[in-house]
Amino acid sequence: MATRKKYKLKFGVKFIIFLIIVGVIGFFVYDAYQKDLAYKNSHKYKLLQKGYKEDIVNLFMDKLTDEQEEDLLTRDYDEFIPFFVNAQYFKYDNLDLYLEQVITKEKDFFKYHGTDGYDYDLLVGIVNTHANEENYSGNRKSDLSKGYGVLVNKHYSLDDYTPDDLESIPWKYRLGMENDKIQLRKDAYDAYLEMWEAAYEEDIYLLALSGYRSKKEQQSEYDYYYKLKGEKYAENIAARAGHSEHQTGLALDIYSKECALSDNFHKSKSYEWLVNNSYKYGYILRYPEGKEKITGFKYESWHYRYLGVELATKVHESGLTYDEYYEFYLANNNE
Ligand SMILES: [Zn+2]
């Protein structure tokens, strides 16, 4: 009896062990099956199936929201999409416009396609700032509720806006005859004088050349260049009426005693000082070199824009044009 009982027990133990093994294997098989199912339903798997490489899919996972990944899955594979997603100031809502740039700019091959490919940051900047559109075609109004941050360019118009706190810059700080008027809004005026003193401490004698310009005066300026050298020249050098920053009373053209009214201002130590210090007084260089496609203006080493110290510092540190900074960080997304 004793041996038989022992045998029975042994059998029972073996059976239990068998059940445990089956259970464990079953669990792992089921678990693996579930995981596989979940994986095959994941955006990652589906994007890989679409033909995107693993590092690209990881980039998508990193930079896009769930909703955007879903949208991507409804699209055909596109070799250009990852380059745009990877750009620092990429906005998903503009994806189709970015891709359109690649197609339309193909004709302009040498401008946009260097030895190492398209300049995706530039294309993103162009689209984000509406520079892909025909100038003056968007019919957008400048948002005056942005205060000193108001954006005025070839895509945003001030219409008939006139500032109500203009101050005239004294002769000592400007070019022109004694009776000439160069005006700025009060805070921009105070900041210019403060900046002037700081520059003067370092033997730089700044001279304001042009400040506030009414819509009518801007029209005369544009007409002047138009008559002088034709439409293309005028378009490149002067904004159309309602579209000049000078109408805000926050823009100032600055030269210096050392280098007055010269095309070489960008080589002067006054310019170097302004580029490195103006933001501390709330002013930024508005039309930098190499950003002509975005600003729509040729490089103007003398044109500065008052934004207030805080915003000017942020823009200066970003390395962006104000057009790009505004569109990425300040524009209303529901416009
Ligand atoms: Zn100017």
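What the table below lists for this structure:
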| read-out | value |
| --- | --- |
| Selection status of G125, part of a loop (DSSP other than H, G, I, E, B) and either surrounded by 21 or more Cβ atoms within 10 Å (Cβ to Cβ) or modelled with pLDDT under 90 (or both) | no |
| Spans of strands (runs of 3 or more DSSP E) in region 150-267 with at least 2 residues in contact with a helix residue (DSSP H, G or I) (Cβ under 7 Å, 6 or more places away or on another chain) and either of a type in the set (K, R) or assigned by TED's automatic domain parsing to the domain that holds A312 (or both) | 206-210, 251-256 |
| Some residue of region 237-249 being touching a residue at least 12 places away in the same chain (Cβ under 8 Å) and over 20 Å from L151 (Cα atoms) | no |
| Whichever residue in region 238-285 is among the hydroxyl-bearing types (S, T, Y) and away from the ligand (no atom under 15 Å from the Cβ) and, among such residues, is nearest to Y304 (Cα to Cα) | Y279 |
| Scope region 144-162; condition within 25 Å of E235 (Cα to Cα) and crowded, with 17+ Cβ neighbours inside 10 Å; matching residues | G149, V150, L151, V152, N153, K154, H155, Y156, S157, L158, Y161 |
| Residue list for region 295-320, filter: within 16 Å of the ligand (Cβ to nearest atom), under 20 Å from D190 (Cα atoms) and part of a loop (DSSP other than H, G, I, E, B) | L307 |
| Positions within region 165-188 being of a type in the set (D, E, K, R) and under 15 Å from Y306 (Cβ atoms), in sequence order | D165, E167, R185, K186, D187 |
| Qualifying residue in region 204-213 (condition: at pLDDT 95 or above and among the basic types (K, R)) | yes |
| Considering residues of region 320-335 that are of a type outside the set (D, E, K, R) and modelled with pLDDT under 95 only, the residue farthest from T129 (Cα to Cα) | N334 |
| Scope region 52-66; condition under 24 Å from the mean Cα position of the chain (by Cα), outside any helix (DSSP H, G or I) and of a type outside the set (A, V, I, L, M); matching residues | T65 |
| Flag if F265 is more than 16 Å from L207 (Cα to Cα), touching a strand residue (DSSP E or B) at 6+ places or on another chain (Cβ under 6 Å) and in contact (Cβ under 8 Å) with a residue 12 or more places away in the chain | no |
| Sole exception among (1) out of contact with any Lys or Arg (no Cβ under 7 Å at 6 or more places or on another chain); (2) at pLDDT below 95; (3) surrounded by 17 or more Cβ atoms within 10 Å (Cβ to Cβ) for Y52, by number | (2) |
| Only one of A260, A234 that is modelled with pLDDT under 95 and under 28 Å from the mean Cα position of the chain (by Cα) | A234 |
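Residue-wise test of (1) of a type in the set (K, R); (2) more than 19 Å from Y283 (Cα to Cα); (3) away from the ligand (no atom under 16 Å from the Cβ).
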site	(1), (2), (3)
D159	no, yes, yes
Q183	no, no, no
E201	no, no, yes
Q219	no, yes, no
Y224	no, yes, no
E235	no, yes, no
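The values are calculated or read from the model by the stated rules, or taken from the named source; none is laboratory data. From a predicted model like this one, the values you see are computed outputs, not experimental measurements. Counting neighbours? That spans all protein chains shown, and the Cβs are built from the backbone with ideal geometry, glycine included.
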